[in-house]
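Asks: Starting off with a structure, shown below.
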């Protein structure tokens, strides 16, 4: 049975390779046109399906560049119940524009957030709104738009160069697609990652001469927040809490809370999960902790003592990374 499964996966992966490779060749040869714009467009994406840290990276860029530029974030709005272009407003929620775009909208009031499956149209509409810099969320495979700078993310411990095409692995396209990126950021690294380990990863990734390689880590907050309150996590040591996650890989968050001495009952749901009232009835502990993304969906479901745990995206050699982006924006 395992042999049969391997053969089926191999055939499906081969078909997937032929389709995606043919499409990319059409763009590479100019037979399908990629569009450029008169304002800087920064793309953040990955080769694998989900879980590489695109949302923290987008938020990092918003924090660094929105004080000096009118920033617009454009996303497809995955699993939203609407269609077409939507410029986020107070009338929207996670269902109408998607959980991640709604998180950007509620968190950053000095930017424009929009969703549109057709990125070219979405960019044009944002430019009409006076945006000076556009951040494309999860757009590495969207080649209809040619960004001024492309950031490719790859998760530490699951590097794209050691992965396989779907369905055997998690890659959306061939590994050689990484050549399109201007820089590669290895995400979710240990905070104290050594130079020896960085060198090992660089030999695996093999960036081109014109590609920069950076490393980043996720830093968890020592506080949790609700709509009206906050708590220090050290106050919850030896207390029972529910952890509710609808993300690709919650292992790091779960490990962090347990390390702090919390007694965690974990409710683990698929990425971008749409919670039901029947789910909420299972959250029985006094404190319910979730991610910022899941909080956008759970906040209005009548859960008492619902808190989210913020994270911070830290890039090693941050000044070099920001200088690289700043040069593109100022060009």
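Asks: How would segment 179-228 be classified by its alpha-carbon gyration tensor: rounded, prolate or oblate, with rounded meaning a/c under 1.5 and the a/b versus b/c comparison settling the rest? It would help to have the intermediate numbers written out before the result.
Replies: Numbers: a/c = 5.02, a/b = 1.99, b/c = 2.53.
Oblate.
Asks: Restricting to DSSP H runs of at least four residues, report the calculated mean residue ellipticity at 222 nm for the chain, -39500 (n - 2.57) per run over all residues, nearest 500 deg cm²/dmol. All intermediate terms of the calculation are to be shown ahead of the outcome.
Replies: On the way: 10 runs with 106 residues, N = 331.
Helix-only estimate at 222 nm: -9500 deg cm²/dmol.
Asks: Also, I was wondering about something else. Which whole-angstrom value gives the distance between the alpha carbon centres of segment 250-271 and segment 106-135?
Replies: Here the answer is 34 Å between Cα centres.
Asks: Quick one: order 278, 96, 217 by neighbouring beta-carbon count within 10 Å, fewest to most. It would help to have the intermediate numbers written out before the result.
Replies: On the way: 278 7, 96 17, 217 20.
So the ranking, lowest neighbour count to highest, is 278, 96, 217.
Asks: Pairing the Cα long axis of helix 318-330 with the longest principal axis of the chain, what angle in degrees results, from 0 to 90 and rounded to the nearest 10?
Replies: On a 0 to 90 degree scale, this one is about 50.
Asks: Is segment 157-211 best put as rounded, prolate or oblate by its Cα gyration tensor, with a ≥ b ≥ c the root eigenvalues, rounded for a/c under 1.5, and otherwise prolate when a/b is larger than b/c, oblate when not?
Replies: Working: a/c = 2.25, a/b = 1.36, b/c = 1.66.
Note, shape of segment 157-211 comes out oblate.
Asks: At q = 0.07, 0.11, 0.13, 0.15 Å⁻¹, what is the base-10 log of I(q)/I(0) for the chain according to the Debye formula with one equal point scatterer per Cα and no solvent? Please give it to two decimals.
Replies: The Cα Debye sum returns log10 ratios of -0.30, -0.77, -1.08, -1.39.
Asks: I've got another one for you. Specify, per residue and in Å³, the volume enclosed by the convex hull of the alpha carbon atoms belonging to segment 223-309.
Replies: Working: hull volume 6.9 nm³, N = 87.
Considering the Cα atoms of segment 223-309, their hull volume per residue is 80 Å³.
Asks: Taking springs between alpha-carbon atoms closer than 10 angstrom, which of 290, 52, 20 fluctuates most in the Gaussian network model of the chain?
Replies: Among 290, 52, 20, the largest GNM mean-square fluctuation belongs to 20.
Asks: Taking only Cα atoms and a 10 Å spring cutoff, compute GNM fluctuations for the chain and point out the largest among 228, 277, 249.
Replies: Comparing 228, 277, 249 in the GNM, the peak value goes to 228.
Asks: Picking from 51, 261, 122, which is most flexible by a Gaussian network model of the chain using Cα springs under 10 Å?
Replies: For the chain, modelled as a Gaussian network with Cα springs under 10 Å, the answer is 261.
Asks: May I pose another question? How do 166, 301 line up, fewest other C-beta atoms within 10 Å first?
Replies: Details: 166 18, 301 13.
In increasing order of surrounding Cβ atoms, one gets 301, 166.
Asks: Considering only C-alpha atoms, what is the centroid distance from segment 40-87 to segment 154-230, in Å?
Replies: 17
Asks: Let me know the shape class of segment 108-254, please: from the alpha-carbon gyration tensor, a ≥ b ≥ c as square roots of the eigenvalues, rounded when a/c is under 1.5, otherwise prolate if a/b is greater than b/c, or oblate.
Replies: Working: a/c = 1.96, a/b = 1.16, b/c = 1.68.
It is oblate, given that a/c is not under 1.5 and a/b is not larger than b/c.
Asks: To check you understand DSSP bridge types, tell me what percent of the beta bridges within segment 223-309 (both residues inside) are antiparallel, rounded to 5.
Replies: In segment 223-309, approximately 25 percent of DSSP beta bridges are antiparallel ones.
Asks: Turning to a different aspect of this structure: Among 272, 259, 35, which comes first, then next, by fewest other beta-carbon atoms within 10 Å? Show your work: numbers first, answer last.
Replies: Details: 272 19, 259 9, 35 13.
Ascending number of Cβ neighbours within 10 Å: 259, 35, 272.
No lab work stands behind these numbers, since they all come straight from the coordinates. Model, not experiment: these values are computed from the prediction. Heads up, the Cβs are rebuilt from the backbone with ideal geometry, glycines too, and the neighbour counts pull from every protein chain shown.
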